[in-house]
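Inspection log for the structure reproduced underneath, given as structure tokens.
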Amino acid sequence: MIRRHTLTEHIMQEQRKYPGASGGFTGLLSDIATASKIIAREVRQAGLGNILGAAGSTNVSGDEVKKLDLIAHEIFVNVLERTGHLCIMASEEDEDPITIPDRFPAGKYVFVFDPLDGSSNIDANVSVGTIFSIFRKISTDERGGMVDILQPASEQICAGYIVYGSSTLFVYTVGHGVHGFTLDPTIGEYILSHEDIRMPDQGQVFSINEGNRSRWFDYTSDYVDWIKSSVPDEGRPYTARYIGSLVADFHRNLLYGGIFLYPEDRENPNGKLRLLYEAAPIAFLAEQAGGLATTGETSIRSIEPAELHQKVSLIVGSRNDVLAYERFRRGDRP
Ligand code: AHG
Ligand code: MN
Ligand code: MN
């Protein structure tokens with residue numbers, strides 16, 4: 001029988017590196033995995049249960065909210081609020097922090113998440129995902145507060161995503177590399193399928209929404225024109241790939257190499273993506289896999305968040321590709 005290493009075993013193995021560990025973090029990651037399995041089931045059957053389509057509201061970022069955005073949000077809140085591991089949560093789908101009800105014990109971790117990323121694609125059956133980040137509580141307040149949420153990416157103790165695609169994949173890092181687990185629905189377990197993922201230093205894929213070109217600053221247009229004409233060592237020009245789900249676009253580039261760009265433009269001085277629950281976790285994962293994640297000028301991990309839903313430009317991917325964009329951003333040309 002093939003030895004199948006489960007996510008639970010992997011987390012326990014990680015926990016053994018910390019002799020004083022209480023097991024609380026292990027329990028939290030397992031609970032996140034449980035919530036993701038429930039969402040995977042909802043996403044798989046979305047077309048059957050009248051849960052596709054718009055929820056009839058917009059979120060604090062002004063995005064149209066889909067029914068599945070709210071379903072995913074509620075699943076995570078309901079599963080995680082009762083575990084005793086969290087002191088507070090923050091979600092794309094809630095303007096304010098989510099406190100742990102008094103009827104449940106509070107813990108020492110903070111959970112920040114995008115319950116369903118790429119949800120504009122969900123009705124078309126295109127891959128979507130969840131993105132999450134975990135911090136330690138830093139305040140003295142038993143039930144946490146905004147100060148525990150507004151921590152820089154460098155303080156994350158864990159970041160991860162789940163891609164609900166052709167298979168359901170759980171990818172995470174605790175600072176010891178990036179590891180991927182594929183859900184085996186026949187046993188309901190995530191099985192190790194991508195151990196120690198390394199992002200190639202140079203890719204051949206660029207991901208950017210060229211529909212925004214009329215708003216781009218010159219350095220972005222010049223970079224995209226260059227990347228479309230440049231021929232990397234392997235002799236093939238770069239390929240354009242853009243799914244419109246950050247988690248799916250990033251996952252492809254993580255495996256194959258490449259660059260994802262959502263830069264600032266004339267109408268969006270800070271781009272579109274949110275720092276806390278999109279850029280920061282993706283940046284932790286990218287760097288753990290040997291890649292880079294910046295605004296084009298500064299590393300994502302160094303930014304001190306000022307607001308829960310603040311936006312940031314995100315340039316993330318293979319090291320050499322991100323460095324090339326940064327040269328254009330500061331006015332250099334090859
Ligand atoms: P969300 O569905 O959580 O609001 O995120 C959507 C984001 C991200 O997933 C994707 O990269 C980006 O929006 C696509 O934006 P455009 O449609 O403007 O290209
Ligand atoms: Mn998102
Ligand atoms: Mn979302």
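The values are calculated or read from the model by the stated rules, or taken from the named source; none is laboratory data. The structure displayed is predicted, hence computed values, not measured ones. Cβ placement follows ideal geometry from the backbone for every residue including glycine, while neighbour counts extend to all protein chains displayed. To get the accessible areas, we keep the full protein, side chains included, count just its heavy atoms, and leave off ligands, DNA and RNA. Shrake-Rupley method; radii C 1.70, N 1.55, O 1.52, S 1.80 Å.
If you line up the long axis of helix 319-329 against the longest principal axis of the chain, both from Cα atoms, how many degrees apart are they, to the nearest 10?
The angle comes out at about 60 degrees.
Please work out how much length the chain gains when fully extended from D218 to S302, using 0.36 nm per residue of separation minus the C-alpha to C-alpha distance, in nm with one decimal.
27.7 nm
Hand me the tally of lysine pairs in the chain: alpha carbons under 22 angstrom apart, and the pair either on different chains or 8 or more positions apart.
9
Ignoring ligands, DNA and RNA, please state the percent of accessible area on the range 7-194 from carbon and sulfur, probe 1.4 Å.
On the way: 3750 of 7530 Å².
The computed percentage sits at 50.
I'd like the distance separating the alpha-carbon centroids of the range 150-225 and the range 273-324, in whole Å.
Between the Cα centres of the range 150-225 and the range 273-324 lies a distance of 11 Å.
As I understand it, the value is the acute angle between the Cα axis of helix 218-229 and the longest principal axis of the Cα atoms of the chain; what does it come to in degrees, rounded to 10?
80 degrees
Solvent-accessible area of M199, probe 1.4 Å, all protein chains present, reported in Å² to the nearest ten, please.
Looks like 10 Å² after rounding.
Running Debye on the chain with equal point scatterers at the Cα sites and no solvent, what base-10 log of I(q)/I(0) appears at q = 0.06, 0.09 Å⁻¹?
Computed log10 I(q)/I(0) values: -0.20, -0.45.
Multiplying the sequence separation of Q310 and I38 by 0.36 nm and subtracting their Cα-Cα distance, what value in nm do you get?
95.0 nm
Can you put T130, T298, T83, T140 in order of accessible area, largest first, using a 1.4 Å probe? Walk me through the intermediate numbers first.
Numbers: T130 0, T298 70, T83 40, T140 145 Å².
Sorted by accessible area, descending: T140, T298, T83, T130.
Once Rh is set to the Kirkwood radius over Cα pairs, what Stokes-Einstein translational diffusion coefficient, in µm²/s, holds for the range 7-194 at a temperature of 4 °C and a viscosity of 1.567 mPa s?
It diffuses with D of about 76 µm²/s by this estimate.
T6 label point, 7 Å along Cα→Cβ, cut-off 17 Å on backbone N: hits in the range 78-119?
none
Quick one: accessible area per residue over the range 205-330, 1.4 Å probe, rounded to a whole number of Å²?
That works out to 38 Å² for each residue.
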